[in-house]
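Below is one structure, written out as structure tokens; the observations come after it.
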Amino acid sequence: MKKNYKVILISMSGVRVYNKHLLELGLTLPGFVERSEVIASLPSLGLLTLASHTPENWNIVYKELDNYSESDILEIISENPDIIAFSSLTARINETYELCKRFKKIGITVAIGGLHVSAMPEEATKFADVIIQGEGEIIWETILKDFESNELKSIYSSLSNPKYTFNFKSCKVPKYELLDISKYNRLTIQTTRGCPLNCSFCAASRTISAYKKKSIAQIEKELNKILEVWERPFIELADDNTFVDKKWSIELLNLFGKYKIKWFTETDISIAYDDELLELLAKSNCAQVLIGFETVNKIGLKGIDRKDWKHKQFDNYFKAINKIQSYGISVNGCFILGFDTDTKDTFKETEQFIINSNLSEVQITLLTPFPGTELYNQLKSQNRLLQDNYWDKCTLFDVNFIPKNFSVEELEREFEVLMQRVYSKELVTNRKKHFKQTLLNKRQKKNI
């Protein structure tokens, strides 16, 4: 009979914005607060996936640490775990490292995975016993076996060792049953991993895995599991770009159309060129798609991805937004400020673009050089990073590099002004009003 062990899986959820003025401002802006609350309430799909790859002789506890207290840490210690495994974004990694040191000091084995440590494994080995670089499914099973046989290694990498590359044919259903569903306003499913566009600022597209898709049968199993724990769920796809493969996407949407769910995902504007796909998106109750338009400055899109695909789409932006929303699907447009091509005029042009495009929702962020990205390597080589370890400020709302056409203070100030305008009650109301009219027009057209 196998010995029993315990593992505590900890998600370092939530992000702290360091710019105090911006933080105070954001708390008063309706559009900004709504999306922030959604993001903060998402569970860690990565850890729930690792849980499904955990042998039966391991007892699993899932926790999230956002605003935690000393009593929360003492409670974790009192559980007497054999292993604590963290998942952390860059903005919370320094906090995670401090917790690792504390748990290690009392003899608990500590592991960390996720985007940051996949980009900076050598840094992470200073704080944790085990680093998971890249995909975690096969690595996790190996780590637990190695722990049992006292043969743990410091780094396990699917990026450098092909035997740890995960084949989606071996997928298991994430352990959603570990969650207290009452804490969440949506649950996540991953249908694809990675993104072929390889944008220079994106940490997610290549850090973990090359682009790949799950089978429709596997996705169906995961949907059914969610419906076991939540009768009428809102689902967010944990994808970077869902509809790259249009043939597979049609199959996915036909599957979603069979369920009484509402859902959200990230994609690109190519969906506007496919009427069949848009029709199925609407029929499957897709509430919103998030699209990275990145910048309203066409020159700024040059070189953003390897084949300049987004630059070539720029002239279609307005038509694409209008077409997608005409099907009753809300478009959440994302814009990044702080590119080397940006000037003060870019901020005014961004506001005007948002108004003229009739986007139903908007997300604006500051350019952030996440470790492992081409952007990070470029700014580091140019000595433009404000400090070596600026991880706490990788919030998307804090400046952590020297801008080309601004001082740091000027970029912060221009961004604050744009936030005030874009997320003002007036513009948020206007966006909602226009989309409501779009939905009304769609219904009237259907009844003719």
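We did not get these values from a lab; they are worked out from the coordinates using the rules stated. Please read these numbers as outputs of a predicted model, since none were measured by experiment. Reconstructed Cβ throughout: ideal geometry from the backbone, glycine too, with neighbour counts over all protein chains shown.
Annotations for the structure displayed:
- Sites Thr165 and Lys258, calculated FRET efficiency, Cβ-Cβ separation with R0 30 Å, nearest 0.05: 0.40
- Restricting the calculation to Cα atoms, the range 285-403 shows an Rg/Rh of 1.00 when the hydrodynamic-style radius is the Kirkwood one.
- Normalising the average separation of contacting C-alpha pairs (under 8 angstrom, six or more residues apart) by the number of residues puts the relative contact order of the range 186-447 at 16 percent.
- The amide H of Phe401, built 1.01 Å from its N in the peptide plane, has Leu386 as neighbours under 5 Å, considering only residues 5 or more places off or on other chains.
- Reciprocal mean inverse distance between Cα atoms of the range 121-257 - Kirkwood radius, Å: 17.0
- Taking the DSSP bridge list for the chain and keeping only pairs wholly inside it, about 5 percent are antiparallel.
- Rounded tilt (10° steps) of 317-326 against the dominant C-alpha axis of the chain: 80
- Counting every other Cβ atom within 10 Å of each residue's Cβ, His116, His21, His53 order from fewest to most as His21, His53, His116.
- Spin-label model, Lys312 to Asn356: label points 7 Å out along the Cα-to-beta-carbon direction sit 2.4 nm apart.
- Computed over the chain with a Gaussian network model linking Cα atoms closer than 10 Å, the most mobile of Leu89, Leu115, Leu65 is Leu65.
- Alpha-carbon centroid distance for the pair the range 89-157 / the range 337-374, whole angstrom: 35
- Distance violations [Cα-Cα > 32 Å] among Lys214/Lys283; Lys225/Lys323; Lys323/Lys380; Lys20/Lys225; Lys214/Lys307; Lys221/Lys307: Lys225/Lys323; Lys323/Lys380; Lys20/Lys225; Lys221/Lys307
- Where both bridge residues fall in the range 186-447, DSSP classifies roughly 10% of the beta bridges as antiparallel.
- When the range 82-140 is reduced to its Cα atoms, the Kirkwood hydrodynamic radius in Å: 11.2
- Each label point was placed 7 Å from the Cα along the Cα-to-Cβ direction; for Arg102 and Lys433 their separation is 5.0 nm.
- Across the range 261-309, Cα-Cα distances exceeding 12 Å account for 70% of all pairs.
- Cut-off 15 Å between beta-carbons: net charge of the residues surrounding Trp391, Lys and Arg +1, Asp and Glu -1: -2
- Here Asp388, Asp82, Asp72 are placed in order of increasing Cβ neighbour count within 10 Å, fewest first, which gives Asp388, Asp72, Asp82.
- When every Cα-Cα distance of the chain is counted in 20 angstrom steps from zero, the calculated P(r) takes the values 24, 58, 18, 0 percent.
- Sites Thr341 and Val229, calculated FRET efficiency, Cβ-Cβ separation with R0 45 Å, nearest 0.05: 0.45
- Cβ-derived FRET efficiency at R0 60 Å, Asn441 paired with Leu74, nearest 0.05: 0.55
- Spacing of the two label points (7 Å from each Cα toward its C-beta) at Glu122 and Tyr18, in nm: 2.3
- Per-residue Cβ neighbour counts within 10 Å put Ser360, Ser215, Ser170 in the sequence Ser170, Ser215, Ser360, beginning with the fewest.
- In degrees, nearest ten, helix 93-105 long axis to first principal axis of the chain (Cα): 10
- Pair-distance distribution P(r) for the range 186-447, from all Cα-Cα distances in 10 Å bins starting at 0: 6, 28, 34, 24, 8, 1, 0 percent.
- Given +1 at the Cβ of Lys and Arg, -1 at the Cβ of Asp and Glu and no other charges, the dipole of the range 186-447 around its Cα centre is 1080 debye to the nearest 20.
- Theoretical gain in end-to-end length, Gln387 to Lys172 [0.36 nm per residue, Cα-Cα removed]: 73.3 nm
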